[in-house]
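Report on the structure given below.
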Amino acid sequence: MGVRKKYIKHRVDRRLRRLNRILLVLITAMLAHVVYDAFVFKTPLYYIGFALGGYLVGGIFRRTALVQFKMETESFEFTTSAVYVLLTFLLLVFRYAFGKSLLENFHVVYTSDALYLFFIGIYYSKWRMVLKKIDEVIYQYADQKLEENKEDSPIS
């Protein structure tokens, strides 16, 4: 195990660990379903566009969540805003209430695969966001420590 992974593993709170596991399981399960359909039903290649669209929508989540490093506990904490919760609720409503009928109106044949790919894009975007924000916090913390060490060292 690398130094970075060891450092992060022991300093991440339960909420971040749970989010990481859930996102990876969801992505894997949906991807397995889409790959199966691709082999059995010959899903067209342009359906990948739904994953790209989901990734772009997931960019909104990047701006509404925050990963912080708590100095007291020396751990990373994941905090969300009300906008994040509202977006999640709206995506669930879209998925289960309007998603299938909307895609059928646009003559999408494999609506379940399109929705899975769309949500794979969103979940992948969320997962990458968490990893990038953890890295950002680590580098800010390291930079801060380097600056403190510079100030404490005697000038030669």
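The values are calculated or read from the model by the stated rules, or taken from the named source; none is laboratory data. The shown structure was predicted, so the numbers you read here are calculated from the model rather than taken from an experiment. Note that each Cβ is placed from the backbone with ideal geometry, even for glycine, and that neighbours are counted across all protein chains shown. With ligands, DNA and RNA removed, areas are computed over all heavy atoms of the protein, side chains included. Shrake-Rupley method; radii C 1.70, N 1.55, O 1.52, S 1.80 Å.
Looking only at residues in the stretch 113-152 that are open to solvent by less than 60 Å² (accessible area, probe 1.4 Å) and over 22 Å from the mean Cα position of the chain (by Cα), the one that is farthest from Tyr96 (Cα to Cα) is Ala142.
What about Tyr110, is it hydroxyl-bearing (Ser, Thr, Tyr), more than 16 Å from the chain's Cα centre (by Cα) and at negative phi? Break it down stepwise before answering.
Details: hydroxyl-bearing (Ser, Thr, Tyr): yes; more than 16 Å from the chain's Cα centre (by Cα): yes; at negative phi: yes.
Taking the combined requirement at face value, the residue satisfies it.
For beta carbons closer than 7 Å, sequence separation of 6+ or different chains, a first residue in the stretch 69-80 that is open to solvent by less than 40 Å² (accessible area, probe 1.4 Å) and a second that is aliphatic (A, V, I, L, M) and assigned to a strand (DSSP E or B), the qualifying pairs are Ser75/Val12; Phe76/Val12; Phe76/Val67; Phe78/Ala65; Phe78/Val67. The condition of being within 21 Å of the chain's Cα centre (by Cα), of a type in the set (Val, Ile, Thr), under 30 Å from Lys9 (Cα atoms) and open to solvent by less than 40 Å² (accessible area, probe 1.4 Å) holds for only one of Thr88, Thr64, that being Thr64.
Residue by residue, here is whether (1) among the acidic types (Asp, Glu); (2) within 15 Å of Phe78 (Cα to Cα); (3) free of Cβ contacts under 8 Å to residues at least 40 places away in the same chain holds:
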residue	(1), (2), (3)
Asp13	yes, yes, no
Leu16	no, yes, no
Arg21	no, yes, yes
Met30	no, no, no
Asp37	yes, no, no
Val40	no, no, yes
Tyr46	no, no, yes
Ala51	no, no, no
Gly54	no, no, no
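Looking across the stretch 1-23, the residues that are β-branched (Val, Ile, Thr) and either under 18 Å from Tyr141 (Cβ atoms) or loosely packed, with under 11 Cβ neighbours inside 10 Å (or both) come down to Val3, Ile8, Val12. Of all residues in the stretch 24-46, those satisfying the criterion of being open to solvent by less than 60 Å² (accessible area, probe 1.4 Å) and in contact with a helix residue (DSSP H, G or I) (Cβ under 6 Å, 6 or more places away or on another chain) are Ile27, Met30, Val34, Asp37, Thr43.
Selection over the stretch 8-53 of residues that are within 22 Å of Ile134 (Cα to Cα) and in contact with a Ser or Thr (Cβ under 7 Å, 6 or more places away or on another chain) gives a count of 3.
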